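Notes follow once the structure below has been shown.
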Amino acid sequence: MVSITETQKIGVGLTGFGLFFLLFGVLLYFDSVLLAFGNVLFLTGLTFIIGLRRSAGFFFQRQKLRGSTFFLGGVALVLFRWPIIGMAVESYGFVLLFRSFFPVACGFILSLVNIPYLNVVRATILFSTVTVTKPDSSL
């Protein structure tokens, strides 16, 4: 079993509050103060969870540098009170940073839920095969 340190527990709380403030800032028509506070809490919580060295290693990998630039640039734009443009740039950077994680997360979430329609969707997305049929020449 994995033991969680007190610092990581604090990081989970900070990340949760950061996500709450980000959501609340978006719901209140992109309030720049709430978005900035949410960004700072989210990044601080992430650093507390995985550590300073691993956070820097994640954000400044060579293949993730473009995503990190957009993400951190969006955070800076939100801090400079350009919330709508900043959140758009930050969202693009988030997608670039975590695009390799999305299929894993979708597969995990879809495997948790036992809803028949979602099982069909999951089967078609994850296990799709292309079948080629020969056209009927008897017509």
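Residues of segment 1-31 that are more than 20 Å from the chain's Cα centre (by Cα) and within 11 Å of VAL78 (Cβ to Cβ): ASP31 alone. The set of residues in segment 21-42 being closer than 10 Å to ARG81 by Cβ and either surrounded by fewer than 16 Cβ atoms within 10 Å (Cβ to Cβ) or in contact with a strand residue (DSSP E or B) (Cβ under 7 Å, 6 or more places away or on another chain) (or both) consists of VAL33 alone. Taking the criterion of being part of a helix (DSSP H, G or I), out of contact with any Leu (no Cβ under 8 Å at 6 or more places or on another chain) and over 23 Å from GLY86 (Cβ atoms), the residues of segment 1-20 that qualify are GLU6, THR7, GLN8, LYS9, ILE10, VAL12, GLY13. From the residues in segment 54-109 that are over 23 Å from ALA36 (Cβ atoms) and not in a helix (DSSP H, G or I), which one is modelled with the highest pLDDT? It comes out as GLN61.
The values are calculated or read from the model by the stated rules, or taken from the named source; none is laboratory data. On a predicted model such as this, the values are computed, not experimentally measured, just so you know. Neighbour counts run over all protein chains shown; Cβ positions are idealised from the backbone, glycine included.
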